[in-house]
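**Q** The structure is given below, and queries will be raised subsequently.
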Amino acid sequence: MKPRKIVPAVSVAVVRGKTVLLVKRARAPSQGLYAYPGGKVEAGETLVQAVARELEEETGLEAKDYRPLRDIHIDGSSENHAVDYLLTVFGAAYVGGEPAASDDAETAAFYTLAEMAEMPLAGDVFEVAEELLGPGQGSSGDHSQ
């Protein structure tokens, strides 16, 4: 088996108060799930430049204080993608704008942890939100998958 190509990608969890920004993905990977806005890193971009551009393209929002939180290896073969992704998830602070979905986002809005517990989320979205917002914000019951 030849090694799969790994494409760098970024996403960002933008925090506003006790809420975090999620978009509903209009296409694969994770189509129909709620995730952080993001996408592929383009040639010549730094990760931070890429994540700021993707945030603006998908939601029209601005953020600041970008900091990498974790790297996630996404196996594209599970969704019949030709490549795998190395996703760097950033946290950032909300600066301005009202979220408006565009590009490959169906919806864009801020949600609390309690709201997120009831939503179909991609991958590590809930864990990242808990890291940023603090655990136990009105959560009840067991959220293990």
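The values are calculated or read from the model by the stated rules, or taken from the named source; none is laboratory data. Computed from a prediction, not measured in an experiment: that's the story for all the values here. Here Cβ is always computed from backbone atoms with ideal geometry, including for glycine, and neighbour counts include all displayed protein chains. For the accessible areas, the whole protein counts, side chains as well, though only heavy atoms, and no ligand, DNA or RNA atoms are used. Shrake-Rupley method; radii C 1.70, N 1.55, O 1.52, S 1.80 Å.
**Q** Please give the solvent-accessible surface of TYR34 in Å², to the nearest 10, using a probe radius of 1.4 Å with every protein chain present.
**A** 40 Å²
**Q** Dipole magnitude of the chain about its Cα centre, charges +1 at Lys/Arg Cβ and -1 at Asp/Glu Cβ only, in debye to the nearest 20?
**A** Using only the charged Cβ atoms, the result is roughly 260 debye.
**Q** Now for a separate question. Can you list the HN-Hα couplings for segment 47-53, worked out from phi with the Karplus curve (6.51, -1.76, 1.60; θ = phi - 60°), rounded to whole Hz and with x for Gly and Pro?
**A** For segment 47-53, the Karplus curve yields 4, 5, 4, 5, 6, 5, 5 Hz.
**Q** For the chain, build the charge dipole from Cβ charges (+1 Lys, Arg; -1 Asp, Glu) around the Cα centre, then report which of VAL15, SER30, PRO120 sits farthest towards its positive end.
**A** SER30
**Q** Work through the residues other than PRO29 whose Cβ is under 13 Å from its Cβ and net out their charges, Lys, Arg +1 and Asp, Glu -1.
**A** Result for the local shell: -1.
**Q** Separate question: In nm, give the distance between the simple-model label positions of ILE6 and ARG70, each being 7 Å from the Cα along the Cα-to-Cβ direction.
**A** That separation, rounded to one decimal, is 1.7 nm.
**Q** LEU33 versus GLU127, label points 7 Å from Cα toward the beta carbon: distance in nm?
**A** About 1.2 nm separates the two model spin labels.
**Q** Quick check: convex hull of the Cα atoms in the chain, volume per residue, rounded to a whole Å³?
**A** Per residue, the Cα convex hull of the chain comes to 110 Å³.
**Q** Given LYS5/LYS64; LYS2/LYS40; LYS18/LYS40, which pairs have Cα atoms separated by over 24 Å?
**A** LYS5/LYS64; LYS18/LYS40
**Q** Kindly state, to the nearest 0.05, the FRET efficiency for GLU45 paired with LYS18, given R0 = 41 Å and r defined as their beta-carbon distance.
**A** In this case the efficiency is close to 0.85.
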